[in-house]
Amino acid sequence: MYRCKAIGKRVCYAVVFVSRVLFDKNGVSNGTLYKKTFIEHFEQAPMYVAVFTFVGFAVGTIFGYLRDFMRAWGLEKRNIAAEREQQKDFVPLYQDFENFYTRNLYLRIRDNWNRPICSVPGPQFDLMERVTDDYNWTFRFTGRTIKNVINMGSYNYLGFAETDVNALKTVTIELEKYGTGVCSTRQEMGTLDKHVELEKLVAKFLGVEDAMVFGMGFATNSMNIPALVGKGCLILSDELNHTSLVLGARLSGATIRIFKHNNMQSLEKLLRDAIIYGQPRTHRAWRKIIILVEGIYSMEGSIVRLPEIVSLKKKYRAYLYLDEAHSIGAVGATGRGVVEYFGMSPDDVDVLMGTFTKSFGAAGGYIAGRKDLVDFLRTHSHSAVYATSMCPAVAEQIIRAMKCLMGLDGTAQGLQRVRQLEKNTRYFRRKLHEMGFIIYGNDDSPVVPLLLYMPGKIGAFARRMLEKNIGVVVVGFPATPITESRARFCVSAAHTREMLDMVLSALDELGDFLHLKYSRYSKSSHPELYEESRLELED
């Protein structure tokens, strides 16, 4: 591992993981882990940025306490939810202080979230205009529609969120045939031929024995992890795992230990301690040890270091649960996720999980792997036993998109989309680096976090981008560390070069205006890597 540092500056620009070689205890080579260079960027901001960020939050907090004092004495209107006077002797149903951040900080910039759109969330969308007359406590619609806003926030990685009549012809047929809902669970009357067809196709796409699909992506994690592990088991979870993984782990009743994000030394220490010391108090061996990781982390844009994790899980005889919600379809030569991205076998991962809500423009999720694993979940998963099955028309949309990716529709369009996404991702990331922004994540990740840091710049950034007809997602504390507020861009294969250039031009201008170009890495003088306006495949 090499850390590239700007000379004379205490700042880390990138962490580069080059091809490594495993050696056994006799020093004999066991083969390479990485087949290509693995580059991720996590540059630290200058010290003054962190200082001003804390000052910004401190000022906001002080004024928040002042306003709460004024509300308590009736000097300012109290719009927040409060316990009724008739229930003053009851134990409070909710803690008023816990809403301090929402009430006094989030509310000031609340207009940048939950904006309703009125079109398909493709590369562009239409937005319903709304205004507030009471400083974001309530909103009212003006009746005007903001047309053709460039969409840089949706997880539409491959551009399958579309309304083309010809593309959706088969979906329309299934909708007319089956209707909109099944009204039953999979174990009762809810398993249709469409579900069976989809599960066979998912298994074929991933190269595994079997797969099971679920109607909700979040529940795929939260309801299946408790079926796989329980009391007496140990879960080792990455500190940046998604809430669905966290909830599933907590519901399982298993012991949970957290390792530092993508840090193999931290993970190996936990594995070693688990083997040596066993369970607390009794020191018996753990019934099961399972590692929970994601393919692409949606807030960091980083890619899991899968080869090293697989090596560790084999060394310590643990199980691996891989959440590919953001990576399936988005990375890999043919869109088969991080397993393909690293040139590994699906058999190296014990539980393959993914969702259809992003790259496939649909809804739901899947669990895939060995047949005995899937058969077990069919009878023990709460999602299978209690949840309503997936809508047939949604299943058909996933089948349509997956067949396109696999080339089973008789075209090379799926491969074109995958390559176009890779091309757009590298172009967008490289341009942001050259402009001087600090961005996080892997060079091949279509999730691109751009660091804003200071709380006052969160709202200003999103509002000014919308004025330029660009829709962005901004994220701050507590969803991110207090000093790492950011805008998160999601690149799509459906974005044209003209769209990306419009966004980059707006970012360049806004970066100067808001002073967001904090990077101390020297700007590149390399020529354009890509000049083609579109990708053409050879016949």
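Of note:
- None of E434, E422 is of a type in the set (D, E) and open to solvent by less than 40 Å² (accessible area, probe 1.4 Å) except E434.
Residue-by-condition table, conditions (1) more than 27 Å from the chain's Cα centre (by Cα); (2) of a type outside the set (F, W, Y):
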position	(1), (2)
K371	yes, yes
V374	no, yes
R378	no, yes
S381	no, yes
Y386	no, no
A395	no, yes
M406	no, yes
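- Within the range 174-205, if we keep just the residues that are touching a residue at least 60 places away in the same chain (Cβ under 8 Å) and of a type in the set (V, I, T), the residue that is surrounded by the fewest Cβ atoms within 10 Å (Cβ to Cβ) turns out to be T180.
- Checking each residue in the range 363-381 for being under 23 Å from V418 (Cα atoms), open to solvent by less than 30 Å² (accessible area, probe 1.4 Å) and of a type outside the set (F, W, Y) picks out G364, G365, I367, A368.
- Qualifying residue in the range 343-356 (condition: hydrophobic (A, V, I, L, M, F, W, C) and either within 13 Å of F214 (Cα to Cα) or free of Cβ contacts under 8 Å to residues at least 12 places away in the same chain (or both)): yes
- Flag if T132 is in contact (Cβ under 8 Å) with a residue 12 or more places away in the chain and either small (G, A, S) or under 30 Å from N104 (Cα atoms) (or both): yes
- Checking each residue of the range 185-195 against the condition of being at pLDDT 95 or above and within 23 Å of the chain's Cα centre (by Cα) gives no match.
- V49 fulfils the conditions (1) among the hydrophobic types (A, V, I, L, M, F, W, C); (2) at pLDDT below 50; (3) surrounded by 16 or more Cβ atoms within 10 Å (Cβ to Cβ) except for a single criterion, (2).
- Per the listing L510, L537, L450, L529, the residue uniquely of a type in the set (A, V, I, L, M), at negative phi, modelled with pLDDT of 95 or more and over 25 Å from the mean Cα position of the chain (by Cα) is L510.
- Scanning the range 336-351 for residues that are part of a loop (DSSP other than H, G, I, E, B) and buried (at least 21 other Cβ atoms within 10 Å of the Cβ) gives R336, G337, F342, V349.
- Some residue of the range 143-166 being of a type in the set (V, I, T), more than 27 Å from L352 (Cα to Cα), open to solvent by 60 Å² or more (accessible area, probe 1.4 Å) and at pLDDT below 95: yes
- S222 being in contact with a Phe, Trp or Tyr (Cβ under 9 Å, 6 or more places away or on another chain) and either at pLDDT 95 or above or of a type in the set (A, V, I, L, M) (or both): no
- Reported count of residues in the range 473-512, each being more than 22 Å from A330 (Cα to Cα), part of a helix (DSSP H, G or I), open to solvent by less than 60 Å² (accessible area, probe 1.4 Å) and hydrophobic (A, V, I, L, M, F, W, C), is 3.
- Among the criteria (1) surrounded by fewer than 18 Cβ atoms within 10 Å (Cβ to Cβ); (2) β-branched (V, I, T); (3) assigned to a loop (DSSP other than H, G, I, E, B), the one V208 does not fulfil is (1).
- Residues in the range 475-490 that are closer than 24 Å to L127 by Cα and touching a Leu at 6+ places or on another chain (Cβ under 7 Å): R486, A487, F489.
- Members of the range 389-404 that are among the aliphatic types (A, V, I, L, M) and part of a helix (DSSP H, G or I): A393, V394, A395, I398, I399, A401, M402
- Set A395, A384: member being surrounded by 22 or more Cβ atoms within 10 Å (Cβ to Cβ), within 23 Å of A167 (Cα to Cα) and touching a strand residue (DSSP E or B) at 6+ places or on another chain (Cβ under 9 Å): A395
- Of all the residues in the range 297-335, those that are on the phi > 0 side of the Ramachandran plot and either part of a strand (DSSP E or B) or surrounded by 24 or more Cβ atoms within 10 Å (Cβ to Cβ) (or both) number 3.
- Test: residue in the range 238-249 that is buried (at least 20 other Cβ atoms within 10 Å of the Cβ), farther than 24 Å from T379 by Cα, in contact with a Phe, Trp or Tyr (Cβ under 7 Å, 6 or more places away or on another chain) and not β-branched (V, I, T): yes
The values are calculated or read from the model by the stated rules, or taken from the named source; none is laboratory data. Small disclaimer: the values here were computed from a predicted structure and weren't measured. Positions of Cβ are backbone-derived with ideal geometry, glycine not excepted, and every protein chain shown enters the neighbour counts. The area values use the complete protein model at the heavy-atom level, side chains included, leaving out ligands, DNA and RNA. Shrake-Rupley method; radii C 1.70, N 1.55, O 1.52, S 1.80 Å.
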